[in-house]
1. Any chance region 318-327 includes a residue that's hydroxyl-bearing (Ser, Thr, Tyr) and in contact with a strand residue (DSSP E or B) (Cβ under 6 Å, 6 or more places away or on another chain)?
2. List every residue pair whose Cβ atoms lie under 7 Å apart, where the two residues are 6 or more positions apart in sequence or sit on different chains, the first residue falls within region 468-479 and is more than 9 Å from residue 440 (Cβ to Cβ), and the second residue, located anywhere, is assigned to a loop (DSSP other than H, G, I, E, B).
3. From the list 506, 523, which one is open to solvent by less than 50 Å² (accessible area, probe 1.4 Å), touching a Pro at 6+ places or on another chain (Cβ under 8 Å), over 25 Å from residue 462 (Cα atoms) and β-branched (Val, Ile, Thr)?
4. Identify, by number, the condition in (1) at pLDDT below 90; (2) out of contact with any strand residue (DSSP E or B) (no Cβ under 8 Å at 6 or more places or on another chain); (3) open to solvent by 60 Å² or more (accessible area, probe 1.4 Å) that residue 408 doesn't meet.
5. State whether one or more residues within region 334-348 are more than 22 Å from the chain's Cα centre (by Cα), farther than 15 Å from residue 445 by Cα, aliphatic (A, V, I, L, M) and open to solvent by 70 Å² or more (accessible area, probe 1.4 Å).
6. Select from region 405-418 the residues that are of a type in the set (A, V, I, L, M) and outside any strand (DSSP E or B) and write down the one among them that is farthest from residue 368 (Cα to Cα).
7. Residues being open to solvent by 70 Å² or more (accessible area, probe 1.4 Å) and over 20 Å from residue 489 (Cα atoms): count how many of those fall in region 446-457.
8. Select from region 639-664 the residues that are surrounded by fewer than 21 Cβ atoms within 10 Å (Cβ to Cβ) and modelled with pLDDT of 90 or more and list them in ascending order.
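The values are calculated or read from the model by the stated rules, or taken from the named source; none is laboratory data. Remember, predicted model here, so these are calculated numbers, not experimental data. Note that we place each Cβ from the backbone using ideal geometry, even for glycine, and neighbour counts take in every protein chain shown. Side chains are part of the model used for accessible areas, which takes the heavy atoms of the whole protein and leaves out ligands, DNA and RNA. Shrake-Rupley method; radii C 1.70, N 1.55, O 1.52, S 1.80 Å.
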Amino acid sequence: MPVKKAHPEADRPHGDIAAAETFVGTGPTDHPDLAERESRWNYALVGSGLGVWDHNYRLNRKYYSPTWKTIRGMAPDEDVAGDYEAWLQLVHPDDRDFVVHAIERQNAGDPEYQVFQYRERHRDGRWVWIDCRGACVEWDKNGVPTRVVGTDTDITARKEAEETLSRLSRRLDLALEISRIGVFEADIENDVVEWDDRLIAIYGLQGAARKIGGDAWAKRLHPDDRERVLGLADRSVESGSDFQQEYRIIRGDGVERIIRARPAFFVDGNGQRKLIGANWDVTEEVALRNELQRAKDLAEARNRELEAAKESIEYLALHDYLTGLPNRRYLDKMLDDRAAECRANGLALAILHIDLDRFKQINDTLGHRAGDAMLQHAAHVLRHSVRAADFVARIGGDEFVILCAVDPASKKIANLAERLIRELRRPVRYEGHDCRFGASIGIAVNGGAKLDAKQTLLDADIALYRAKGLGRNRFEFFSASARDDVVSAKRLADQILIGLDRHEFVPFYQLQFDAGTLDVAGVETLARWQHPVHGLLTPDRFLDIAEDLDVVSTIDALILERALADRRTWIKEGLSIPKISVNVSARRLTDPDLGKKLRALKIEPGAVAFELLESISLDDCDKAVAANLKKLRKLGIDIHIDDFGTGHASIVSLLRLSPNTLKIDRELIRMLPQSAEQRKLVGSIIDIGRSLNILVIAEGVETADHIRILEQLGCDTLQGYALARPMPATQIPSFIRAGTWRHGLTAARALQTHLRRALPSRTAK
């Protein structure tokens, strides 16, 4: 309490006991009972921590007990200064006005101010909270209070505890507010639930009482979830086990929301079993979770589709689309594997190279569909005539290869060849016709530690050449005498070398057209050999020998130089040939000087594209090939993948090489008008190209139907006999100026339109 100047007799030797005497209006006494009572008062006051103060305004005396002084950091026997204003400066600035007013009212006997609290500066500089309690005990004859007595208590610890509790409460309340968690407490015995404001807001029950019946919550449960949720709640109440669940509610405003609840059981201080829990609205979270799951499911589905497409493309890269047999690329992979197995097991590798006789006549007389049927029949015969462990492949138009591991002394291979020829000679019924064809078979058997599968395949090829030369429909084993056939190949090789010196290898060109506009989009450069005796020869007549001679790169270089010169001539004549494409051999791609040689040609960027032949295994590109492909891109030379779908171009190499263009092999294009499956396959390849930003060229476009279908499938460029046949450079200008390819197609398209209108049901079918 505030102090004024103390009276000289204010100090009393009995400390708090004297204060007790003052309260009862008596003076000191030596009576034993009174002394005992004083002692009890003193002990009680000291033990309670109450600091006693006594303001006697009539006598102008003030008393402060030792405990009162200790509360403020003073010594028990220290004198208390009587300067009221000085003491007032020790009161906390925020409490000062209040304290002045409270003292005035307390001195006036106002009961509302008998107790008040404030902060006062302790001697050590900290603030202590004082609980001041006082009351008037004497009045003058006019009723004016003349004596006020009271106690001060240090409640700092209690205030700090209250502040800590308040702070924790604020934090908890803020956390609940931020997380939008509503809390409830359920009295299980009395079936009464108390909800906080947040929970009431979550359930859309604004204005509802905080204490509600237990069934109010059940009524808000979604009808489809009610039985499940109530069942779980009942079981948990019965067992006393905590639980968590997620369910839907129908809010008071009719909106459906998703709630997550987590309650726990406890027993209060009265021994009552209660349940406290938290609810929070997870509608957005569940929606996000469901959306993420949907996106995940969609991504997985797309991944499965892509994986299936990849597997399909890889399967096509290793198998012949028509017969389902492994193709040449697969055969190349299997040769070394089978040779290694034979070396390890002491067996011999037998290779049968089979070529169908008179197959071309069936194609020419009955058409390609009949030819395809015969190829499928032949594949069926071969597949079912060999053991499960044997390998059968279709490596070309009407050529097949069988790999067998046999005992070196076995004669079963001859028996197998006889059986194959016998079965393949049987007539095959097709659309009312008996189709007859035969087979010539070349056989090579090799074994031992030096077994070379590729050489054995070459030997079988030589044996096949001999079998066909001896009259067909027969089989021949490779022998020394068969090497005579190699002599003719050597003669052809010599002629190739002479032809290079005489510049007999010339370019022919097949124009390429935009699928949408039929404008000239480019031209493919094709190598031809102007043989002095045999006339114009296509690569199938000399390419294999040229590869053996390692002159394919030389031929490629000559053809490229001539093509660049021809393009410059066309441009001078006012013709626009956007791009020329040329074939490039695998060996040329390994040439370390390729970049230097191409730079010397000063090729205009974007004017030339290199087509990687199907004989190039794009999956096994070494560092030299990869480096040269990089140089080609720097020079502005595009990369085209030729014969995509039947050669060596797998989806893996496609992703790795990132070519500019894919050329779909003519074998995949040929059956488009008749085969929905074929259209789907070609459409998939076009979609893959589009997804990878790769242009797609279709080869083998032979009819107006091909053009129409490929345009509908979104193919970029068309090439084939329906538009233009290969021709020498001198014929290109007149052909383009004449525009004959457009006239024929316009008439064909008009006829198709007429037929579609006349036969709508057939067209729809």
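1. Of region 318-327, the ones hydroxyl-bearing (Ser, Thr, Tyr) are 321, 323.
Narrowing the set further to residues that are in contact with a strand residue (DSSP E or B) (Cβ under 6 Å, 6 or more places away or on another chain) leaves 323.
Yes: one or more hits.
2. none
3. Working: 523 fails: touching a Pro at 6+ places or on another chain (Cβ under 8 Å).
It is 506.
4. Among (1) at pLDDT below 90; (2) out of contact with any strand residue (DSSP E or B) (no Cβ under 8 Å at 6 or more places or on another chain); (3) open to solvent by 60 Å² or more (accessible area, probe 1.4 Å), residue 408 violates only (2).
5. Among the residues of region 334-348, at least one is more than 22 Å from the chain's Cα centre (by Cα), farther than 15 Å from residue 445 by Cα, aliphatic (A, V, I, L, M) and open to solvent by 70 Å² or more (accessible area, probe 1.4 Å), which makes the answer yes.
6. Residues of region 405-418 of a type in the set (A, V, I, L, M): 405-406, 409, 413-414, 416-417.
This time we only want the ones that are outside any strand (DSSP E or B), so: 409, 413-414, 416-417.
Values: 409: 42, 413: 32, 414: 32, 416: 29, 417: 27 Å.
The qualifying residue farthest from residue 368 (Cα to Cα) is 409.
7. Narrowing region 446-457 to residues open to solvent by 70 Å² or more (accessible area, probe 1.4 Å): 449-450, 452, 454-455.
Add one more test, that the residue is over 20 Å from residue 489 (Cα atoms), and what stays is 449-450, 452.
Final tally of qualifying residues: 3.
8. 639, 660
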